[in-house]
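A quick write-up on the structure given underneath.
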Amino acid sequence: MGAARSFADGLKARRPAIVWSLSLLFLFKGFVGLLAAAYPISPSEPAAMVGTVGAIGVLCAAVIWLVGWRIPLLGFELIAAGGAILASWMVAHANTHGGMMVAAFAYPWIAIYSAHFFPRRGVILQGTLMSVGFSVGLLASGLQDIVVYWTIVIATIWSICIVLCNLCEHMRLQAGTDHLTGLLNRGGFHTAALRERALADRTGSPLTLAVLDLDGFKQINDREGHAAGDRLLAELGRAWRARVRPGDILARHGGDEFVLLLPSTTRAGAEAVLERLRDGEDPVGWSVGVSEWRSGESLDAPLVRADRYLYGVKSARRGEAIALPDGGYVADALLSST
């Protein structure tokens with residue numbers, strides 16, 4: 001058992017879950033098709049066609065495994081849609097009950113995969129494609145009792161799509177949300193930031209990142225207790241969320257540090273956005289460092305620069321001098337509460 005688990009872990013190594021899951025899905029469906037061709041349910045089964053489809057499934061599994069890490073999300077949606085179309089074609093042409101059941105077996109697995117990995121839009125499109133394809137395939141198959149088959153398969157498809165999609169969305173929201181402030185957490189911010197980076201690369205728009213650190217937060221915790229500190233963080237998170245623009249991405253990065261990603265915004269334009277966050281009624285002051293996220297950089301690069309600029313602000317207040325890297329700036333008093 002341990003050896004089998006080690007072997008499975010080795011197969012999955014360096015492959016995102018969306019890649020190896022789809023590869024295994026096609027591999028499993030391919031083996032089912034080959035098995036059905038080798039041991040047909042009845043003499044009238046189109047064994048050659050079922051076996052060919054099974055071989056195609058195994059081949060697709062190998063291709064996905066080899067190049068899957070280069071495939072964008074839309075590509076996975078199209079591959080899953082191709083599997084659904086192939087299953088519908090089998091329903092139409094394998095006009096026997098056994099052949100139909102082998103083909104229809106693929107739909108629930110495609111629905112499970114889609115609901116787990118795709119956004120709601122993709123899940124709805126996949127469910128619709130499978131429903132329409134299966135309905136057309138049944139009508140073309142000439143089988144008897146198609147109402148029974150249609151009801152069972154369609155109910156199964158949409159039960160999985162709706163229930164599992166809602167569950168996965170809820171779990172992703174919980175995993176990416178800071179429970180205290182309701183903002184994104186570090187993991188949620190990382191996912192959203194990479195999405196914005198990809199969009200900025202396609203459009204050529206600037207992308208600016210700001211790191212905000214509360215002033216004297218440790219003293220508040222020491223003086224009034226951690227419960228008071230938690231209330232302060234929650235209050236400030238709600239206030240800032242109401243002041244940022246709809247497209248801006250605000251997250252609690254850890255402790256009393258927040259990070260703000262500003263799409264289509266230069267470093268100079270960030271001043272106006274950050275000034276909106278500043279309010280004389282905020283329960284605590286804060287300092288900020290800003291850096292533009294350049295194309296081709298990892299997320300760590302602008303975060304490190306922004307942290308350096310933030311440290312420069314705090315050092316300047318203490319009368320200390322600090323050398324900063326080229327290409328950045330230290331936010332002045334206008335961008336830092338006093």
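The values are calculated or read from the model by the stated rules, or taken from the named source; none is laboratory data. Nothing here was measured: the structure is a model prediction, and the numbers come from that model. Don't worry about glycine lacking a Cβ; one is built from the backbone with ideal geometry, like all the others, and counts go over all protein chains shown. Side chains are part of the model used for accessible areas, which takes the heavy atoms of the whole protein and leaves out ligands, DNA and RNA. Shrake-Rupley method; radii C 1.70, N 1.55, O 1.52, S 1.80 Å.
A few notes on this one:
- For Glu257, the solvent-accessible surface with a 1.4 Å probe is about 40 Å², rounded to the nearest 10.
- Between the labelled values (1) 5, 24, 32, 24, 12, 3, 0; (2) 5, 26, 36, 26, 6, 0; (3) 5, 20, 23, 17, 14, 11, 7, 3, 0, the entry that holds P(r) over Cα pairs in 10 Å bins from 0, in percent as derived from this structure is (3).
- Under-5 Å amide H pairs with Gly285, H placed in peptide plane, nonlocal only: Asp215
- Among complete DSSP H helices in the chain, those whose alpha-carbon atoms stretch at least 27 Å along the helix's long axis and whose mean Kyte-Doolittle hydropathy reaches 1.6 are 17-38, 47-67.
- Mean ellipticity per residue at 222 nm, deg cm²/dmol - from DSSP H runs of n ≥ 4 across the chain, formula -39500 (n - 2.57): -21000 deg cm²/dmol
- Cβ-defined net charge surrounding Ile220, 13 Å radius [Lys, Arg +1; Asp, Glu -1]: -4
- Selected from Gly137, Leu164, Gln174, residue furthest toward positive end of dipole (segment 124-212; charges at beta carbon): Gln174
- Taking the charge dipole of segment 197-308 about its Cα centre, with +1 at Lys and Arg Cβ atoms and -1 at Asp and Glu Cβ atoms, the residue from Gly216, Thr203, Pro302 reaching farthest to the positive side is Thr203.
- Accessible surface for Ile154 stands near 20 Å², nearest 10, in the context of the full protein assembly shown (1.4 Å probe).
- Local electrostatic count, Gln126, Cβ distance below 13 Å [Lys/Arg +1, Asp/Glu -1]: +1
- Spatial separation of Cα centroids for segment 20-57 and segment 137-186, in angstrom: 25 Å
- Electrostatic dipole magnitude of the chain [Cβ: Lys, Arg +1; Asp, Glu -1; Cα centre; debye, to 20]: 520 debye
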